[in-house]
Amino acid sequence: MSAELVGDFDHLVDVLVVGSGGGGMTAALTAAAAGLDVLVVEKSGQFGGSTALSGGGIWVPGAPAQRRAGYVPDPEDVVGYLSRITDGLVSERRIRQYVESAPQMLEFLENLSPWLEFVWKPGYADYYPELPGGSELGSTINVPPIDLRKLGDDEDKLLKPLALAPNGIWLGPRELRSFYRIRQSWAGKGVLVKLVSRMVRARLFGERVAAIGQSLAARLRLAMKDREIPLWLNSPLAELLTDADGSVTGALLDRNGTTQRIGAQRGVILASGGFDHDLAWRKEHQPLVDQDWSFGNPASMGDGIRAGQRVGAAADLLDEAWWFPAIQWPDGRMQFMLNERMMPAQFIVNGDGKRFINEAAPYMDFGHAMIEGQKSGVTHIPCWLVTDHRSFNRYVVGGHLPIPKIPGAPVPTGRKVPAAWLDSGVVKAASSWDELASKIGVPADEFLTTARRFNELARKGHDDDFNRGDSSYDNYYGDPTLPNPNLYPLGDPPYYAFRIVLGDLGTSGGLRTDEYARVLRPDDTVVRGLYAVGNTSAPVMGRSYAGAGATIGPAMTFGFVAAKHAATQTFNAHRR
């Protein structure tokens with residue numbers, strides 16, 4: 001790539017990738033491997049995008065790691081599963097492309113670089129394992145942990161989570177499950193010992209090990225560095241450049257205080273995320289979102305989606321997000337409500353003091369239930385998770401570990417609910433059902449009826465009202481020592497209620513694309529030279545979520561697909 005003016009451009013490349021998350025970096029690696037000249041540009045001063053903030057799972061049925069273990073899901077069954085959960089919102093061509101290309105993408109990456117190592121440990125079920133094509137073994141693929149020192153000068157440029165754990169405190173996906181069972185199993189206690197050991201090693205040897213999304217983003221970046229693929233940080237997209245016929249020929253960037261015209265001879269791939277933190281735009285399309293409760297990349301403001309719309313692209317499902325019920329602490333920090341909703345002795349109530357869903361349901365479904373409930377005129381945002389003192393001291397709740405008090409521990413410990421939690425109003429405590437109902441503002445009679453009904457069902461061992469515990473997905477973070485891992489009666493007070501708000505992993509609606517990730521106009525004609533992947537594109541998952549990693553899996557897969565398609569284009573073909 002020349003630094004001199006080339007024709008109408010300051011720089012000329014084959015493929016310009018906008019965004020440095022999993023989708024963008026996979027696209028760049030694929031294009032470079034095809035012999036193309038690639039440039040990746042990133043709006044912020046840090047790479048990794050929402051991928052770096054995530055659990056790092058990649059949902060890929062038929063992945064090489066599964067095949068090595070002797071498990072090969074039938075592709076037709078997977079197509080049927082996705083068709084069922086997307087309910088006609090996604091074309092069969094896109095679904096088939098995903099099912100066919102996702103395993104190819106991982107195989108390509110594994111063969112490309114020793115940094116790109118993928119593993120599968122069966123048991124984390126798909127989110128609808130009872131449906132035809134769903135899997136109790138699951139198709140979530142992960143990467144091993146990595147010492148971030150391997151990034152060298154790029155270590156400080158990796159986007160870090162807002163709530164950064166002390167050095168040495170990291171958990172792999174499977175360890176997390178055991179850790180949640182710290183009181184129920186020796187494996188859980190063993191994970192605690194591992195954490196102590198890791199902290200000691202970090203202090204003695206300076207290790208800076210990271211897992212999940214941090215490891216995935218770091219590994220993709222290391223593979224890019226090995227192939228000398230340039231990454232420009234602090235280079236936001238200003239607008240797309242087009243020919244007279246509307247074909248995209250490049251982009252305007254703001255870089256180092258100047259405007260750069262970048263020509264892209266084979267295409268621009270938008271992988272810049274959603275509009276997670278543009279609250280005004282979210283209120284326009286998602287009017288119930290009245291606060292910034294998103295876990296997404298702080299830089300995700302919808303730049304790529306808007307740029308595509310300005311050159312005539314259509315957008316779909318802008319009212320959607322990857323919903324995730326969450327706690328918001330007084331300092332603004334957001335915390336997932338995942339294992340707590342699978343915990344046995346708890347139930348969740350709306351403003352009428354009633355249960356309204358299987359509490360252990362997939363988080364996307366739980367978010368939809370909150371939204372639909374709120375639309376009915378009954379308060380569901382927030383809602384309240386109710387539990388008792390026994391459960392608080394038996395399970396991990398809100399990040400509190402049910403172990404003896406450890407002064408200076410990085411997370412709350414001990415037998416008492418932290419005073420700061422109670423003072424903040426995020427957690428309410430009471431010595432009776434009536435008192436708790438008053439504190440959370442729900443009708444006492446309905447609340448008492450709900451509590452009695454739940455305890456009756458829990459004692460019987462089956463949730464006749466919402467079938468909690470029937471799905472193997474529900475059971476994953478439940479208590480395996482119980483006949484029903486997700487049901488147990490609440491006992492003596494004090495009782496606690498945790499305030500739940502409508503969080504999300506990022507918005508999921510975006511530019512309409514075809515099976516090659518080419519961006520489409522409202523009449524479904526192609527915007528030549530323009531591709532969109534990840535949360536910049538409308539999701540192949542529709543309004544659903546197939547399993548853990550159903551955001552990153554499609555982002556990486558369609559980044560792979562887009563780059564492969566761009567490689568088939570002759571120079572300037574998109575201008576014809």
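The values are calculated or read from the model by the stated rules, or taken from the named source; none is laboratory data. In this text, all values refer to a predicted model and were calculated from it rather than measured experimentally. Note that we place each Cβ from the backbone using ideal geometry, even for glycine, and neighbour counts take in every protein chain shown. The accessibility values were calculated without ligands, DNA or RNA, using every heavy atom of the protein model including side chains. Shrake-Rupley method; radii C 1.70, N 1.55, O 1.52, S 1.80 Å.
Restricted to region 141-160, and to residues that are open to solvent by less than 40 Å² (accessible area, probe 1.4 Å) and part of a loop (DSSP other than H, G, I, E, B), which residue is farthest from SER54 (Cα to Cα)?
Per the criteria, the residue is PRO144.
This table checks each residue for (1) open to solvent by 10 Å² or more (accessible area, probe 1.4 Å); (2) more than 22 Å from ARG543 (Cα to Cα); (3) modelled with pLDDT of 95 or more; (4) of a type in the set (Val, Ile, Thr).
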residue	(1), (2), (3), (4)
SER247	no, yes, yes, no
ILE269	no, yes, yes, yes
PHE275	no, no, yes, no
SER294	yes, no, yes, no
ALA299	yes, yes, yes, no
ILE305	no, no, yes, yes
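Only one of these is within 16 Å of LEU112 (Cβ to Cβ) and either in contact with a strand residue (DSSP E or B) (Cβ under 6 Å, 6 or more places away or on another chain) or in contact (Cβ under 8 Å) with a residue 60 or more places away in the chain (or both): THR86, THR30. Name it.
Residue meeting the stated conditions: THR30.
Kindly indicate which of GLY491, GLY534, GLY510 is open to solvent by less than 10 Å² (accessible area, probe 1.4 Å), modelled with pLDDT of 95 or more and either farther than 28 Å from LEU53 by Cα or of a type in the set (Gly, Ala, Ser) (or both).
Every option except GLY510 fails the conditions.
Quick one: which strands (runs of 3 or more DSSP E) lie wholly within region 328-389 and hold at least 3 residues that are open to solvent by less than 10 Å² (accessible area, probe 1.4 Å) and modelled with pLDDT of 95 or more?
Fully inside region 328-389 and qualifying: 346-349, 383-388.
Could you please give the count of residues in region 390-404 that are more than 28 Å from GLU130 (Cβ to Cβ) and part of a helix (DSSP H, G or I)?
Within region 390-404, residues that are more than 28 Å from GLU130 (Cβ to Cβ) and part of a helix (DSSP H, G or I) number 2.
Looking only at region 549-570, filter to residues that are among the small types (Gly, Ala, Ser) and touching a helix residue (DSSP H, G or I) at 6+ places or on another chain (Cβ under 8 Å); which one of those is surrounded by the fewest Cβ atoms within 10 Å (Cβ to Cβ)?
ALA567
Which is assigned to a strand (DSSP E or B), touching a residue at least 40 places away in the same chain (Cβ under 8 Å) and either touching a Leu at 6+ places or on another chain (Cβ under 7 Å) or not aromatic (Phe, Trp, Tyr) (or both), of LEU240, LEU222, LEU216?
Going through LEU240, LEU222, LEU216 in turn, just one is assigned to a strand (DSSP E or B), touching a residue at least 40 places away in the same chain (Cβ under 8 Å) and either touching a Leu at 6+ places or on another chain (Cβ under 7 Å) or not aromatic (Phe, Trp, Tyr) (or both): LEU240.
All but one of (1) farther than 16 Å from TYR477 by Cα; (2) free of Cβ contacts under 8 Å to residues at least 60 places away in the same chain hold for ARG310; state the number of the condition that does not hold.
Only one criterion is unmet by ARG310, namely (2).
All but one of (1) open to solvent by less than 30 Å² (accessible area, probe 1.4 Å); (2) modelled with pLDDT under 95 hold for ILE406; which doesn't?
(1)
Go through region 512-551 residue by residue and tally those that are among the basic types (Lys, Arg) and under 15 Å from the mean Cα position of the chain (by Cα).
Residues that pass the stated criteria total 1.
Filter region 103-132 down to residues that are part of a helix (DSSP H, G or I) and in contact (Cβ under 8 Å) with a residue 12 or more places away in the chain, then give me how many there are.
9
Select from region 256-273 the residues that are free of Cβ contacts under 8 Å to residues at least 40 places away in the same chain and part of a strand (DSSP E or B) and write down the one among them that is farthest from GLN309 (Cα to Cα).
THR258
Among the numbered conditions (1) over 18 Å from ARG415 (Cα atoms); (2) under 24 Å from the mean Cα position of the chain (by Cα), tell me where ASN350 comes up short.
(2)
Rundown of residues vs (1) open to solvent by 20 Å² or more (accessible area, probe 1.4 Å); (2) touching a Lys or Arg at 6+ places or on another chain (Cβ under 7 Å), yes/no style:
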residue: ASP8; (1), (2): yes, yes
residue: VAL40; (1), (2): no, no
residue: GLY49; (1), (2): no, no
residue: ILE85; (1), (2): yes, no
residue: TYR98; (1), (2): no, no
residue: SER101; (1), (2): no, no
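Let me spell it out: the conditions are (1) within 30 Å of ASP226 (Cα to Cα); (2) in contact (Cβ under 8 Å) with a residue 12 or more places away in the chain, and GLY152 meets all of them except one. Which number is the exception?
Tallying (1) within 30 Å of ASP226 (Cα to Cα); (2) in contact (Cβ under 8 Å) with a residue 12 or more places away in the chain, GLY152 fails exactly one: (2).
Can you tell me which residue in region 187-205 is most open to solvent (accessible area, probe 1.4 Å), limited to those that are among the aliphatic types (A, V, I, L, M) and over 28 Å from GLY553 (Cβ atoms)?
Of everything passing the filter in region 187-205, LEU204 is most open to solvent (accessible area, probe 1.4 Å).
Among the candidates ARG183, ARG208, which residue alone is within 27 Å of GLY398 (Cα to Cα), touching a strand residue (DSSP E or B) at 6+ places or on another chain (Cβ under 8 Å) and open to solvent by 60 Å² or more (accessible area, probe 1.4 Å)?
ARG208
The rows are residues; the columns are (1) hydrophobic (A, V, I, L, M, F, W, C); (2) under 21 Å from PHE558 (Cβ atoms).
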| residue | (1), (2) |
| --- | --- |
| PHE9 | yes, no |
| LEU16 | yes, yes |
| GLU42 | no, yes |
| PHE47 | yes, yes |
| VAL72 | yes, no |
| LEU82 | yes, yes |
| ARG94 | no, yes |
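Taking interchain pairs and intrachain pairs at least six residues apart, which have beta carbon atoms under 8 angstrom, with the first residue in region 432-451 and closer than 13 Å to CYS383 by Cα and outside any helix (DSSP H, G or I) and the second open to solvent by 40 Å² or more (accessible area, probe 1.4 Å) and acidic (Asp, Glu)?
Hits for this filter: VAL442/ASP352.
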